[in-house]
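The structure appears right after this line, and notes come after that.
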Amino acid sequence: MLETQKKSALTGRTKRGPVDGTLAVILLLLLLTGLLVLFSATYYTAQDQGDPLGEVKKQLLGIGLGTVAMLVTSRIPYRFWQDTWVIVGGLGLSVVLLVLVIIPGVGVYLNGSRRWLSLGGISFQPSEIAKMAVVMYMAATLTYRGKGIRFLFRGILPVLVVPGFMFLLILEQPNLSTAGSILIVSLMMILMAGARWKHLSLLGVAGMCLGAFYAWSAPYRRERLLSFTDPFAKMSDEGYQLAQSLIAFGSGGLFGMGLGQGRQKYAYLPYPESDFIFAIVGEDFGLLGCIAVAALFAAFTLAGMRIAVNCRDKFGCLLAAGITCNIAVQAFLNMGVVVGILPTTGLPLPFFSAGGTSISITMAAVGILMNISRSSELMTT
């Protein structure tokens, strides 16, 4: 009976329910709100290039491709992603792309780092693919290991070899925020798989110590770390971006200045369309608007975790939790940076920041989440 269920899961003959309506509505609200804020953030600079809606059109193209990808992945039985060759292929592709991106002349060099590859005029970050590949690997490996994950040396540490290797590759770009998010999500999945708190606490302390050492080891990282404690004291240097972001929040007040009425995007705030787009939310829509956006991400997180909890298959549960944590961790790290409670890092806000390939990959991941929610499998691993 169990073997029959596994075969039907892989071949797609499993009985399925309707799409999770709550998740779909939250996703739609995030996408629409993101487009609105992106329009406000880019209208001023885009009109100088001849098309005020230029960035919005690019984002719509990414959403269109993401919708197609989401529809496809939502119809692929989620156990397909547990196949060994799929996981090995995903990890192998990620490693190749991450190596290529750090090679001078191959990776696109911008703002002191190489994080992008350009193929046929389309730029993308290989780290986005790597994040999903690691989530699938962790879900499959933790399912296989079962209760063995309760041991530190023969359970947790071997599982962390692959995320740790990806962490080091991404760190070479350098991109500490994305590399760190991969380890955070991996540790969260290990916790959900049944690891002991004392082991994770020990690893967490060790990770923070190594992170602090790395941040302090280079002058520019040390300056960035110090600048977030008092950005206005270093407005002529590393603190400029955060200081302008805080000015945007102060200008917005409780209710905001109104859509498109904020001033910080007028060449004051660097990258208002990407890493610091949440500051545009604060200036245009005020504190209430920021709370509403944070509430949408919290609702998305709750909906995703509800899908994970309701899935009786361990792999499906861990995969749903990993996808949800991947998006949620990135969102709340970004918001924490923009409001000044975390050091400044280059991490985009999911569904909001400009980037067609990023949003397409994220929506494809949401499609997998929808497939898990639709599955009516009752087997346990």
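The values are calculated or read from the model by the stated rules, or taken from the named source; none is laboratory data. Just so we're clear, the structure is a prediction, and the values are computed from it rather than from any experiment. Virtual Cβ from ideal backbone geometry, glycine too; neighbours counted across all protein chains shown.
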Tell me, which residue of region 165-175 that is buried (at least 21 other Cβ atoms within 10 Å of the Cβ) and at pLDDT below 90 is farthest from Cys311 (Cα to Cα)?
Gln173
Any chance you could count how many residues in region 168-181 are in a helix (DSSP H, G or I) and over 14 Å from Met208 (Cα atoms)?
5
In region 321-339, anything over 16 Å from Leu27 (Cβ atoms) and in a helix (DSSP H, G or I) is listed as Ala321, Gly322, Cys325, Val329, Phe332, Leu333, Asn334, Met335, Gly336, Val337, Val338
Restricting to region 1-31, count the residues that are modelled with pLDDT of 50 or more and surrounded by 11 or more Cβ atoms within 10 Å (Cβ to Cβ).
12
Among the residues listed as Met188, Met208, the single one being aliphatic (A, V, I, L, M) and at pLDDT below 90:
Met208
Kindly indicate the residue of region 241-264 that is touching a residue at least 40 places away in the same chain (Cβ under 8 Å) and under 21 Å from Glu223 (Cα atoms) and also farthest from the chain's Cα centre (by Cα) among those meeting that condition.
Leu246
Hits in region 264-286 (condition: surrounded by fewer than 18 Cβ atoms within 10 Å (Cβ to Cβ) and touching a helix residue (DSSP H, G or I) at 6+ places or on another chain (Cβ under 7 Å))
Tyr266, Tyr268, Pro270
Tell me, yes or no, whether region 243-256 has at least one residue that is in contact with a helix residue (DSSP H, G or I) (Cβ under 9 Å, 6 or more places away or on another chain), surrounded by 24 or more Cβ atoms within 10 Å (Cβ to Cβ) and β-branched (Val, Ile, Thr).
no
Of all residues in region 225-277, which are farther than 21 Å from Phe39 by Cα and among the hydrophobic types (A, V, I, L, M, F, W, C)?
Leu225, Leu226, Phe228, Phe232, Ala233, Met235, Leu242, Ala243, Leu254
In the list Ala303, Ala321, which residue meets the criterion of being closer than 30 Å to Ala215 by Cα, at pLDDT 95 or above and of a type outside the set (Ser, Thr, Tyr)?
Ala321
Among the candidates Ala41, Ala46, Ala69, residue that is without any contact (Cβ under 8 Å) to a residue 24 or more places away in the chain and either part of a helix (DSSP H, G or I) or under 21 Å from Leu269 (Cβ atoms) (or both)
Ala46
Does Arg224 satisfy the condition of being among the charged types (D, E, K, R), part of a helix (DSSP H, G or I) and more than 30 Å from Ile368 (Cα to Cα)?
yes
Can you name every residue in region 297-320 that is among the basic types (Lys, Arg) and not in a helix (DSSP H, G or I)?
Arg312
Odd one out for Trp116, checked against (1) outside any helix (DSSP H, G or I); (2) hydrophobic (A, V, I, L, M, F, W, C); (3) at pLDDT 90 or above:
(3)
Which count do you get for residues in region 224-267 that are of a type outside the set (A, V, I, L, M) and farther than 26 Å from Pro174 by Cα?
15
Could you grab me the full set of residues in region 116-148 that are buried (at least 20 other Cβ atoms within 10 Å of the Cβ) and either basic (Lys, Arg) or in contact with a His (Cβ under 9 Å, 6 or more places away or on another chain) (or both)?
Lys131
Could you tell me whether Gly92 is surrounded by fewer than 22 Cβ atoms within 10 Å (Cβ to Cβ), small (Gly, Ala, Ser) and part of a helix (DSSP H, G or I)?
yes
Filter result (out of contact with any Phe, Trp or Tyr (no Cβ under 7 Å at 6 or more places or on another chain) and more than 18 Å from Gly194 (Cβ to Cβ)) within region 151-162:
Val161
Which numbered condition Pro350 misses (of (1) surrounded by fewer than 20 Cβ atoms within 10 Å (Cβ to Cβ); (2) touching a Gly at 6+ places or on another chain (Cβ under 9 Å))
(1)
